[in-house]
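Read the structure below first, then the notes.
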Amino acid sequence: MTKKAIAVLASLLIIIGLLGGYCFILDRQITALTELQVEAERQVSDMQGDIDILKTKMGVLKTDVEGKIGALSTKIEDIPILDAERLYQEVKPAVVEVITKTALAEGRKGSGFVFDSQGYIVTAYHVVENATEVEVILDDGTISSASVTGYCPYSDIAVLKSEQSLTMDELVLGDSNAMAVGEPVIVMGSPFDLSGTVTSGIVSQKGRFIEIEYDRGKRRWVANLIQCDAPVNFGNSGGPLVNSKGEVVGLTVARINPEQGDGIYYAVSSNKLKRVALAIIDHGSFDYPWIGIKIADLTPEKARARNLDTINGALVTEAIAGSVAATAGIRADDIILVIDGFPIGKTADLVSYLGENKSPHESTVLTIIRDGEELELTLELGKRES
């Protein structure tokens with residue numbers, strides 16, 4: 001073999017070696033790129049999974065946020081907003097002035113409102129008490145004589161019948177039990193002969209049982225009262241207490257004695273008003289349910305003396321002889337906790353429940369505590385006499 005051939009062969013071997021090395025390096029690079037591609041695909045797959053999970057979470061979050069926004073919007077819509085101007089325009093056509101005369105004096109002035117399309121008007125009983133003549137002045141200034149259809153002194157409610165046809169719509173009665181303490185209300189009426197007066201405030205409390213002192217020294221306990229701070233004055237009695245929907249939720253009857261304080265006014269609940277007024281229209285009177293007991297609120301001292309850790313309940317101070325209570329076995333010092341499943345926190349709860357839900361001759365179940373033992377008594381309600 002010649003030197004030239006050996007040189008060519010050596011060159012070929014070198015080239016082959018270089019090509020082999022290059023192929024080896026290229027193969028390693030291809031392998032590394034393949035592994036990198038696989039890793040990249042894995043990472044992309046993982047990222048896609050994360051993206052899918054994130055999308056799912058975002059969808060849930062969106063649904064949750066939308067739900068909360070919807071609930072919040074509903075709550076905002078449910079917040080009663082008092083538009084006094086609108087309410088005034090809606091209510092005033094059905095509000096009237098009431099003027100009475102008695103055999104002994106000029107009589108009284110008060111307010112009232114149209115109860116139904118038959119010409120019946122409701123007002124406070126003490127406005128028309130002992131009246132020999134009654135007139136109502138309509139919103140348009142028209143004067144109409146009216147007759148007293150009937151009344152319930154214990155509710156301070158009276159129903160009048162206008163002799164003149166009434167063309168305005170009656171006011172809608174709302175559910176006084178659905179009211180919330182703090183809810184805005186307005187009062188309309190004719191205080192001090194200032195007809196068409198509107199005042200506003202809030203519901204301060206419900207279910208009051210108050211002894212009201214009327215003019216001429218008369219006093220009377222009245223139940224189912226709504227307490228409010230919408231200003232009420234002489235002449236407002238019998239006017240409507242109206243909620244933000246334009247519904248009547250009470251009949252204005254009294255205010256606290258100005259010498260004692262201010263900002264406390266009372267209206268008979270619309271649920272009680274409806275019961276009493278319909279009974280008077282249908283039957284000429286309202287039969288007030290009666291148990292035949294004298295009761296008092298529990299004080300901390302009275303509760304501790306009886307080994308009680310609560311002042312909830314109505315304490316019986318006397319079971320009147322011959323009453324349905326005495327016949328049923330109720331005794332003085334019994335504590336009434338529940339009536340027909342309705343819990344009694346104070347005497348007002350018991351009296352208000354009877355006034356809005358029960359009638360004479362209906363059966364009722366009382367849960368009482370006697371000498372530390374809980375008992376259940378059933379009795380038939382009587383009728384409270386005038």
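Computed quantities for the displayed model
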item: Close pairs from the stretch 254-270: first over 18 Å from S155 (Cβ atoms) and touching a residue at least 60 places away in the same chain (Cβ under 8 Å), partner surrounded by fewer than 23 Cβ atoms within 10 Å (Cβ to Cβ) and among the aliphatic types (A, V, I, L, M), Cβ under 7 Å, at least 6 apart; result: I264/I256
item: Matching residues in the stretch 283-305 - criterion: being more than 23 Å from T364 (Cβ to Cβ) and free of Cβ contacts under 8 Å to residues at least 40 places away in the same chain; result: T299, P300, E301, K302, A303, R304, A305
item: Criterion: small (G, A, S), surrounded by 15 or more Cβ atoms within 10 Å (Cβ to Cβ) and either touching a strand residue (DSSP E or B) at 6+ places or on another chain (Cβ under 8 Å) or not in a loop (DSSP other than H, G, I, E, B) (or both) - qualifying residue of A296, A348; result: A348
item: Unique residue being among the charged types (D, E, K, R), at pLDDT below 90 and more than 22 Å from S323 (Cα to Cα) when the list is E259, E301; result: E259
item: Residue in the stretch 334-341 that is closer than 20 Å to A223 by Cβ and either surrounded by fewer than 16 Cβ atoms within 10 Å (Cβ to Cβ) or of a type in the set (K, R) (or both) present; result: yes
item: Selection within the stretch 192-227 - under 20 Å from Y125 (Cα atoms) and either out of contact with any Lys or Arg (no Cβ under 9 Å at 6 or more places or on another chain) or part of a helix (DSSP H, G or I) (or both); result: F192, D193, S195, R208, I210, D215, R216, G217, K218, R219, R220, W221
item: Candidates A223, A277, filtered to the one that is farther than 16 Å from F115 by Cβ and surrounded by 24 or more Cβ atoms within 10 Å (Cβ to Cβ); result: A223
item: Tally, over the stretch 181-191, of residues that are in contact (Cβ under 8 Å) with a residue 24 or more places away in the chain and assigned to a loop (DSSP other than H, G, I, E, B); result: 3
item: Conditions (1) surrounded by fewer than 16 Cβ atoms within 10 Å (Cβ to Cβ); (2) more than 21 Å from F192 (Cα to Cα); number of the one not met by G119; result: (1)
item: Some residue of the stretch 327-342 being assigned by TED's automatic domain parsing to the domain that holds T378, more than 32 Å from the chain's Cα centre (by Cα) and assigned to a helix (DSSP H, G or I); result: yes
item: Enumeration of residues in the stretch 172-210 that are within 16 Å of V91 (Cα to Cα), buried (at least 22 other Cβ atoms within 10 Å of the Cβ), out of contact with any helix residue (DSSP H, G or I) (no Cβ under 8 Å at 6 or more places or on another chain) and of a type in the set (V, I, T); result: V185, V187
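This table checks each residue for (1) buried (at least 22 other Cβ atoms within 10 Å of the Cβ); (2) at pLDDT below 95.
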{"position": "R108", "(1), (2)": "yes, yes"}
{"position": "V114", "(1), (2)": "yes, no"}
{"position": "H126", "(1), (2)": "yes, yes"}
{"position": "E133", "(1), (2)": "no, yes"}
{"position": "D140", "(1), (2)": "no, yes"}
{"position": "T149", "(1), (2)": "no, no"}
{"position": "S162", "(1), (2)": "yes, yes"}
{"position": "E170", "(1), (2)": "no, yes"}
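Residues are listed down the side, and each one gets a yes or a no for (1) outside the structural domain of W221 (by TED's automatic domain parsing); (2) under 29 Å from the mean Cα position of the chain (by Cα):
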| site | (1), (2) |
| --- | --- |
| D262 | no, yes |
| V268 | no, yes |
| R275 | no, yes |
| K294 | yes, no |
| E301 | yes, no |
| R306 | yes, no |
| I311 | yes, yes |
| L315 | yes, yes |
| G322 | yes, no |
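The values are calculated or read from the model by the stated rules, or taken from the named source; none is laboratory data. If you're wondering where the values come from, they're calculated on a predicted model, not measured in any experiment. All Cβ positions, glycine included, derive from the backbone under ideal geometry; neighbour counts span all protein chains shown.
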